Amino acid sequence: MRNHTADAKVFKAFCDVNRLQILELLRSGEKCACVLLENMQISQSTLSYHMKILCDSGVVVGRTEGKWTHYAISDQGSEKAKELLAELTHKSTCSQTDCTCKG
């Protein structure tokens, strides 16, 4: 049986305009939270809220350096999100609810 709670965390990362903008900014590489704040019209506490969701999803990773956190898109998390979407939207020819076949 799927862990739908964990799956929902991945999709929640993509369900907000601010988080999509953050992901767009991170596409060009790692960014300090201060750089993200400079490019967005949100407060530091709002950024922290969105970064927690993105990091909890596994799509983004953060590392602390001094008083700032630097964020980057996780290659592994990004790949997992793509695979999850493909798996959940692939039409199965099997009629069993608990089927593990790939057909």
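The values are calculated or read from the model by the stated rules, or taken from the named source; none is laboratory data. Remember, it's a predicted structure, so these values are computed and weren't measured experimentally. Please note: Cβ atoms are built from the backbone with ideal geometry, for glycine as well, and neighbour counts cover all protein chains shown. Please note that ligands, DNA and RNA were not included when accessible areas were found on the heavy atoms of the full protein model with its side chains. Shrake-Rupley method; radii C 1.70, N 1.55, O 1.52, S 1.80 Å.
Checking each residue in segment 1-33 for being over 19 Å from Ser43 (Cβ atoms), among the β-branched types (Val, Ile, Thr) and open to solvent by less than 40 Å² (accessible area, probe 1.4 Å) picks out only Val10. Output the residues belonging to segment 56-76 that are part of a helix (DSSP H, G or I) and surrounded by 18 or more Cβ atoms within 10 Å (Cβ to Cβ). Answer for segment 56-76, where residues must be part of a helix (DSSP H, G or I) and surrounded by 18 or more Cβ atoms within 10 Å (Cβ to Cβ): just Ser57. For Leu36, the conditions (1) open to solvent by 50 Å² or more (accessible area, probe 1.4 Å); (2) within 18 Å of Val17 (Cα to Cα) all hold with the exception of (1). Does Gly29 qualify as being on the phi > 0 side of the Ramachandran plot, more than 13 Å from the chain's Cα centre (by Cα) and not aliphatic (A, V, I, L, M)? Answer is yes for this residue. Scanning segment 3-29 for residues that are within 21 Å of Asp75 (Cβ to Cβ) and among the β-branched types (Val, Ile, Thr) yields Val10, Ile22.
Scanning segment 53-76 for residues that are more than 12 Å from Ala33 (Cα to Cα) and touching a residue at least 40 places away in the same chain (Cβ under 8 Å) yields Ile53, Leu54, Asp56, Ser57, Gly58, Val59, Val60, Ile73.
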